[in-house]
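Peer 1: I'd like to ask you about the structure that follows.
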Amino acid sequence: MYEVEVKVPADLEAVRSRLETLDATPCGTVVQIDTYYDAPHRSFPETDEALRIRTERPDDGPEETRITYKGPLVDDESKTREEVETAVADGEKLDAVLTNLGFEAAATVRKERERFALETDDVYTITLDTVDDVGEYVEVETEVDRDGDLEAARDGAYEILTDLGLDPADQIRTSYLGLLLEADG
């Protein structure tokens, strides 16, 4: 599976009003706390990979924890990458397993996310992010199974950004982790 994602800095209040005019469906708000790990056998920043444990606290449901591997970016035009994710029963125990195997927690990113769904030819998730120590961003994303569908999915994300009054040329391919590390650097 591929996650096709485009992210731009934005004034979230202006985007919210445009989402209403597009009849986007609100899908709730969550707080996500992502702990990223460095591997003992290779450098994830060098290979453009990521391994994280995410704890998600929705405004209307139980807390969830997931582990996610993100592969290197697959194109030069978006944040599209292979992603493998699964639920975890106990994040603290998983952290202990990873630490005992030589993985080290590198950084933690905290963000508040407000999600919307928008159906075009595909279903897109539009996320309004407020990221601690980084700023406000809008992400437009969808998932595809085949690499032959990547270009159409990316073009659809660009069209949604334009409909939201945002410029796809302003996209940032750097992860929130990378932005946080740049801000701290």
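The values are calculated or read from the model by the stated rules, or taken from the named source; none is laboratory data. In this text, all values refer to a predicted model and were calculated from it rather than measured experimentally. Glycine gets a Cβ as well: all are built from the backbone with ideal geometry, and neighbour counts include every protein chain shown.
Peer 1: Looking only at the range 49-98, count every residue that is surrounded by fewer than 16 Cβ atoms within 10 Å (Cβ to Cβ), in a loop (DSSP other than H, G, I, E, B) and without any contact (Cβ under 8 Å) to a residue 40 or more places away in the chain and tell me the total.
Peer 2: Qualifying residue count for the region: 8.
Peer 1: Looking at (1) at pLDDT 95 or above; (2) in contact with a strand residue (DSSP E or B) (Cβ under 6 Å, 6 or more places away or on another chain); (3) of a type in the set (A, V, I, L, M, F, W, C), which is the only condition VAL4 fails?
Peer 2: VAL4 satisfies every listed condition except (1).
Peer 1: Collect the residues in the range 167-185 that are assigned to a loop (DSSP other than H, G, I, E, B), at pLDDT 90 or above and under 19 Å from PRO72 (Cα atoms), keeping them in residue-number order.
Peer 2: Passing the criteria: GLN171, ILE172.
Peer 1: Here's a follow-up. For TYR158, state whether it is within 15 Å of VAL6 (Cα to Cα) and touching a helix residue (DSSP H, G or I) at 6+ places or on another chain (Cβ under 8 Å).
Peer 2: Details: within 15 Å of VAL6 (Cα to Cα): yes; touching a helix residue (DSSP H, G or I) at 6+ places or on another chain (Cβ under 8 Å): yes.
Against the criterion (within 15 Å of VAL6 (Cα to Cα) and touching a helix residue (DSSP H, G or I) at 6+ places or on another chain (Cβ under 8 Å)), TYR158 qualifies.
Peer 1: In the range 103-124, which residues are of a type in the set (Ser, Thr, Tyr) and assigned to a strand (DSSP E or B)?
Peer 2: Across the range 103-124, the qualifying residues are THR108, TYR124.
Peer 1: Could you list all residues from the range 130-139 that are charged (D, E, K, R) and outside any strand (DSSP E or B)? Can you show your working first?
Peer 2: So the first thing to find is which residues in the range 130-139 are charged (D, E, K, R), and the list is 132-133, 136, 139.
Correct list: ASP132, ASP133.
Peer 1: Considering only residues that are within 14 Å of CYS27 (Cα to Cα) and of a type in the set (Ser, Thr, Tyr), look in the range 102-149 and name the one that is farthest from the chain's Cα centre (by Cα).
Peer 2: Here the residue is TYR124.
Peer 1: Of the residues THR127, THR142, THR162, which single one is free of Cβ contacts under 8 Å to residues at least 24 places away in the same chain and either in a loop (DSSP other than H, G, I, E, B) or within 23 Å of THR65 (Cα to Cα) (or both)?
Peer 2: Every option except THR127 fails the conditions.
Peer 1: Determine which member of the set THR86, THR120, THR125, THR142 is at pLDDT 95 or above, farther than 23 Å from THR47 by Cα and of a type in the set (S, T, N, Q). Before you say what the answer is, go through the steps one by one.
Peer 2: Working: THR86 fails: farther than 23 Å from THR47 by Cα; THR120 fails: at pLDDT 95 or above; THR142 fails: at pLDDT 95 or above.
Criteria check complete, one pass: THR125.
Peer 1: How about the range 137-164: which of its residues are under 28 Å from PRO58 (Cβ atoms) and surrounded by fewer than 16 Cβ atoms within 10 Å (Cβ to Cβ)?
Peer 2: ASP145
Peer 1: Right, another one. Quick one: would you say ALA50 is of a type in the set (Gly, Ala, Ser), in contact with a strand residue (DSSP E or B) (Cβ under 6 Å, 6 or more places away or on another chain) and farther than 27 Å from THR162 by Cβ?
Peer 2: yes
Peer 1: Against the condition part of a strand (DSSP E or B), surrounded by 15 or more Cβ atoms within 10 Å (Cβ to Cβ) and either in contact with a Leu (Cβ under 6 Å, 6 or more places away or on another chain) or without any contact (Cβ under 8 Å) to a residue 60 or more places away in the chain (or both), how does ILE33 come out, does it pass? Walk me through it before giving the result.
Peer 2: Numbers: part of a strand (DSSP E or B): yes; surrounded by 15 or more Cβ atoms within 10 Å (Cβ to Cβ): yes; either in contact with a Leu (Cβ under 6 Å, 6 or more places away or on another chain) or without any contact (Cβ under 8 Å) to a residue 60 or more places away in the chain (or both): no.
Here the answer is no, as ILE33 does not meet what is asked.
Peer 1: Pairs please, first residue from the range 174-185 and without any contact (Cβ under 8 Å) to a residue 60 or more places away in the chain and over 14 Å from ARG81 (Cβ atoms), second anywhere and charged (D, E, K, R) and outside any helix (DSSP H, G or I), Cβ atoms under 6 Å, 6+ apart in sequence or on different chains.
Peer 2: Matching pairs, first to second residue: ALA183/ASP133.
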